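The structure under discussion appears below in the form of structure tokens.
The values are calculated or read from the model by the stated rules, or taken from the named source; none is laboratory data. These numbers were taken from a predicted model, which means no experiment stands behind them. With ideal geometry, Cβ positions are generated from the backbone for all residues, glycine too; neighbour counts draw on all protein chains shown.
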């Protein structure tokens, strides 16, 4: 473990302490580590240096929209190697929230998410990507591990 010192003015330090308490951190160190991880991985994603990922894609849609549910399901079946799981929630008599758990090549996951969110009747789409490394396992399958 490497240590470094950082100096903050009192207002910034107080604001940071308030933030980390609100988020449930027990130490400044763990909060700073998480902030650094988030920035490093965000930079890797934006630079195209994260070839593989796990992700969630959440979106709201009106299930009364003509054939939309069928189109979404068909799209998920075509991407069966990428779509690990889905969760479907009925928000009211018309609106549904769906969250898909995805894994695969980052550019393909992004393309699938963009295609899904572009479907007429889909609203409020949000993609959360987490870069991973692929590790060949001894038992004929691949493990995925967060990068940092």
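The table for this structure:
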read-out	value
Output for region 39-66, where each listed residue is over 24 Å from residue 116 (Cβ atoms) and under 12 Å from the mean Cα position of the chain (by Cα)	none
Test: residue in region 81-89 that is in contact (Cβ under 8 Å) with a residue 40 or more places away in the chain and surrounded by 17 or more Cβ atoms within 10 Å (Cβ to Cβ)	no
Number of the exception - residue 110 against (1) assigned to a strand (DSSP E or B); (2) surrounded by 14 or more Cβ atoms within 10 Å (Cβ to Cβ); (3) within 18 Å of the chain's Cα centre (by Cα)	(1)
Condition broken by residue 17, with the remaining ones in (1) out of contact with any helix residue (DSSP H, G or I) (no Cβ under 7 Å at 6 or more places or on another chain); (2) closer than 30 Å to residue 109 by Cβ; (3) modelled with pLDDT under 95; (4) surrounded by 12 or more Cβ atoms within 10 Å (Cβ to Cβ) satisfied	(2)
